[in-house]
């Protein structure tokens, strides 16, 4: 049997694991994006495609959370979840720069709706 590496048995092994399994996999993609994006213009067709894919992924996640929510959100009635989404979208339609206000409005409608009409 081989001996373990001495410095991995100490208090530093969680930092090594964090670096190997969390930092490296994400940082590689960030640096590659920086390298490849240098020649792209802000209005390029490739960036339009990336924005469309990111928007579609976000819409899919929101739809999944509305239709089949996990955990405590599953106890909130569907109508309240849809109303909270509509309130957040309404705030975004009024002013797209106020994303945090839209999130807070959606949360307020969801919490208030469950508190008034639903039983969690």
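Some notes on this structure:
- Lone qualifier among 58, 101, 32, 16 - being free of Cβ contacts under 8 Å to residues at least 60 places away in the same chain, surrounded by 11 or more Cβ atoms within 10 Å (Cβ to Cβ), out of contact with any helix residue (DSSP H, G or I) (no Cβ under 6 Å at 6 or more places or on another chain) and in a helix (DSSP H, G or I): 16
- Residue in the range 74-81 that is exposed (fewer than 10 other Cβ atoms within 10 Å of the Cβ), out of contact with any helix residue (DSSP H, G or I) (no Cβ under 9 Å at 6 or more places or on another chain) and part of a helix (DSSP H, G or I) present: no
Throughout, read-outs are computed from the coordinates displayed, never taken from laboratory work. Not measured: the values here are computed from a predicted model. All Cβ positions, glycine included, derive from the backbone under ideal geometry; neighbour counts span all protein chains shown.
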